[in-house]
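Take a look at the structure set out below.
The values are calculated or read from the model by the stated rules, or taken from the named source; none is laboratory data. It should be emphasised that the depicted structure is a prediction, and the values quoted were computed from it without experimental measurement. Positions of Cβ are generated from backbone atoms using ideal geometry, with glycine treated the same way; all protein chains shown enter the neighbour counts. Just the protein is used for accessible areas: all its heavy atoms, side chains included, with ligands, DNA and RNA removed. Shrake-Rupley method; radii C 1.70, N 1.55, O 1.52, S 1.80 Å.
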There are 2 protein chains.
Amino acid sequence: MDAFDVTILGCSSALPAFGRHPSSQLVHMAGRYFLVDCGEGAQMQLRRFSLKFQRISHIFISHLHGDHYLGLPGLLSSMHLLGRTEPLHLYADEGLNQILEMNNKYSHTVLKYPVVFHPLDFSEPKLLFEDEKVKISTLILKHSIPCCGFVFEEKEKPRKLRKEKIAELNIPIASMEGLTRGEDYVAGDTIIPNAELTADPLPPRKYAYCSDTAYKPDLVPQLQGADLVYHEATFMEDMRARAEQTMHSTAKDAATIAKEAGIKRLILGHFSARYKDLNPLLEEAHNVFPQTYLAHEGEKNYV
Amino acid sequence: MDAFDVTILGCSSALPAFGRHPSSQLVHMAGRYFLVDCGEGAQMQLRRFSLKFQRISHIFISHLHGDHYLGLPGLLSSMHLLGRTEPLHLYADEGLNQILEMNNKYSHTVLKYPVVFHPLDFSEPKLLFEDEKVKISTLILKHSIPCCGFVFEEKEKPRKLRKEKIAELNIPIASMEGLTRGEDYVAGDTIIPNAELTADPLPPRKYAYCSDTAYKPDLVPQLQGADLVYHEATFMEDMRARAEQTMHSTAKDAATIAKEAGIKRLILGHFSARYKDLNPLLEEAHNVFPQTYLAHEGEKNYV
């Protein structure tokens, strides 16, 4: 089974505190490495956790609040200094391109590798990327500036061949690909139904990242059935007024979304600097949705 | 005696490595707090070492390579989130003002306190700031983009009163200030020479920061007699060609400048990521100038 995991590099909200860093995480699926948000210090966190950052092919930035992108210029520079030549795909609000160009202008920097910039459209969910194994789409969030989350999905996997049965019936190799696609085996008058020769594959897995958002129940359909969701929980219910004013969620909001969407596991993150001890946030969410966990920087979360 | 010390927050060159951070340091003199350069992660380093960053009144940025300023937008934002209202004075290449304005534009940020921007003139040394106790000037460095260091000097202190002698001779209080300025005591026909009533004050102390520079012997007059100098030592002599190409110094270069200027102590910093063990750099410099030390992040260096 292909690896599919998420390493959280930063789970603090705007003000870093108690050793927690601004938002960033590394999504690893089927040998691909995607960086999601890149708060200040992300490159140091990648090094600290021995995550090789030259393997990152795509970076997705949810919005242009500093705690979600201020680590990017430094990371791009380090990739350059370490001799990168592979293109890097960057998905963000188009303003980020201007910010990066201005940084490069004053530092007289010309990167040794191409950065392919893909401006995000925050009006409705879009498919951003797909290849033979994965697809990545946006999730429109509700925040004080244009902001989106990202959904990482495995594609439907090929059906699993029943090897013993295939050997027994002497099915030729040329037919295998059709079988994995669900076709029956046909040779002259012989027809063997696909179900006799193959088994259902593992269901495709799904991870969603909801960076900064007010409570937004219309996220539910897109999160439906996800294996893992990271949802911001900047505040607790006793700070509801502040959460609404700053367009953030409470731990209970995050859990309510998780429950409604019938996801498997929820990770809380984007914690306010007012909370040293995070257990009260965990408890508030756990009361609504038991499969809730706290983000831990450096820890790998299996999807 | 007024405190005068320097806490190094980052001593790495462009690529952070081995837990070392990009350039930044906090200069504390006579109750004033000055931040010098602000590489990525500076705000986290300040917190890590329990240095209260709201006390910083002036920030000096040597040049616009990312490893010297990319921590600034995050620090300014955190000062804002923590409710700062005091003005902050920022000295840097004028391009930085544009970079900060663009960051604020896309994040829809309006800081709650004024940032007073002072564009640096890189053509010749200038006095940037003075008050009754300290003065701060630039030091023009030799680098691939406009770059300057900074010299922090105490002002000449008032002469020390010889209290016993003054009591014995019944000198009135009104005359004290004149005595501390070096005036003789005069009352009618009585003249008491200043030297009988006062003693020399402690000599003013001087610290200089040389961030990024090729070997530049014409820094010597400005560094003359400094108590402490932080000088970059990105490379060792075996990398001289690379040092010249990138306009950086070797450990030996830094030591040679220190020796020529007759300074008291030299701190090496801005270490290349190629050196895990820094002892060879220390040894190379020590052979030329024995009072050489390595920068240690978080450690207070007394001037």
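With the checklist (1) farther than 12 Å from B:Ile61 by Cα; (2) open to solvent by less than 60 Å² (accessible area, probe 1.4 Å); (3) more than 14 Å from every other protein chain (Cβ to nearest Cβ) in hand, flag the one item B:Pro125 doesn't pass.
Going through (1) farther than 12 Å from B:Ile61 by Cα; (2) open to solvent by less than 60 Å² (accessible area, probe 1.4 Å); (3) more than 14 Å from every other protein chain (Cβ to nearest Cβ) one by one, B:Pro125 breaks only (2).
Which one of these does B:Leu51 not meet: (1) more than 21 Å from A:Ser13 (Cβ to Cβ); (2) at the interface with chain A (Cβ under 10 Å from one of its Cβ atoms); (3) surrounded by fewer than 20 Cβ atoms within 10 Å (Cβ to Cβ)?
(2) is the only condition that B:Leu51 fails.
Looking at B:Ser62, is it surrounded by 20 or more Cβ atoms within 10 Å (Cβ to Cβ), at pLDDT 95 or above, among the polar types (S, T, N, Q) and out of contact with any Leu (no Cβ under 7 Å at 6 or more places or on another chain)?
Here the answer is yes, as B:Ser62 does meet what is asked.
List pairs: first in segment A:98-109 and more than 7 Å from chain B (Cβ to nearest Cβ), second of a type in the set (A, V, I, L, M, F, W, C) and outside any helix (DSSP H, G or I), Cβ under 8 Å, 6+ apart or cross-chain?
Listed pairs, sorted by first residue: A:Leu100/A:Val115; A:Asn104/A:Val110; A:Asn104/A:Leu111.
For segment B:99-144, name all the residues that are in a strand (DSSP E or B) and of a type in the set (A, V, I, L, M).
B:Val115, B:Val116, B:Leu127, B:Leu128, B:Val134, B:Ile136, B:Leu139, B:Ile140
For segment A:163-197, give me each residue that is closer than 30 Å to A:Val27 by Cβ and of a type in the set (Ser, Thr, Tyr).
A:Thr180
Please specify each residue of segment B:183-210 satisfying the condition of being over 39 Å from the mean Cα position of the chain (by Cα) and not small (Gly, Ala, Ser).
Within segment B:183-210, B:Val186, B:Asp189, B:Thr190, B:Ile191, B:Ile192 qualify.
To keep it simple, each residue is scored yes or no on (1) open to solvent by 70 Å² or more (accessible area, probe 1.4 Å); (2) farther than 22 Å from B:Gly10 by Cβ.
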{"site": "B:Thr109", "(1), (2)": "no, yes"}
{"site": "B:Asp121", "(1), (2)": "no, yes"}
{"site": "B:Glu132", "(1), (2)": "yes, yes"}
{"site": "B:Leu139", "(1), (2)": "no, no"}
{"site": "B:His143", "(1), (2)": "no, no"}
{"site": "B:Asn170", "(1), (2)": "yes, yes"}
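Going by the conditions given, is B:Ile8 over 16 Å from A:Gly39 (Cβ atoms), within 12 Å of another protein chain (Cβ to nearest Cβ), under 19 Å from the mean Cα position of the chain (by Cα) and among the hydrophobic types (A, V, I, L, M, F, W, C)?
In short, no.
When you look at A:Gly225, is it within 18 Å of the chain's Cα centre (by Cα) and surrounded by fewer than 14 Cβ atoms within 10 Å (Cβ to Cβ), yes or no?
yes
In contact with a Lys or Arg (Cβ under 7 Å, 6 or more places away or on another chain) and open to solvent by less than 20 Å² (accessible area, probe 1.4 Å): is that true of A:Thr198 in this structure?
For A:Thr198, the condition - in contact with a Lys or Arg (Cβ under 7 Å, 6 or more places away or on another chain) and open to solvent by less than 20 Å² (accessible area, probe 1.4 Å) - is met.
Would a scan of segment A:82-92 turn up a residue that is out of contact with any Ser or Thr (no Cβ under 9 Å at 6 or more places or on another chain), open to solvent by less than 10 Å² (accessible area, probe 1.4 Å) and within 11 Å of chain B (Cβ to nearest Cβ)?
No, every residue in segment A:82-92 fails to be out of contact with any Ser or Thr (no Cβ under 9 Å at 6 or more places or on another chain), open to solvent by less than 10 Å² (accessible area, probe 1.4 Å) and within 11 Å of chain B (Cβ to nearest Cβ).
Picking from A:Asp218, A:Asp189, which residue would you name as being over 30 Å from A:Asp37 (Cα atoms), more than 14 Å from chain B (Cβ to nearest Cβ) and surrounded by fewer than 18 Cβ atoms within 10 Å (Cβ to Cβ)?
A:Asp189
Taking the conditions exactly as written (surrounded by fewer than 24 Cβ atoms within 10 Å (Cβ to Cβ), in contact (Cβ under 8 Å) with a residue 40 or more places away in the chain and either touching a His at 6+ places or on another chain (Cβ under 6 Å) or of a type outside the set (Asp, Glu) (or both)), does A:Met29 satisfy them or not?
yes
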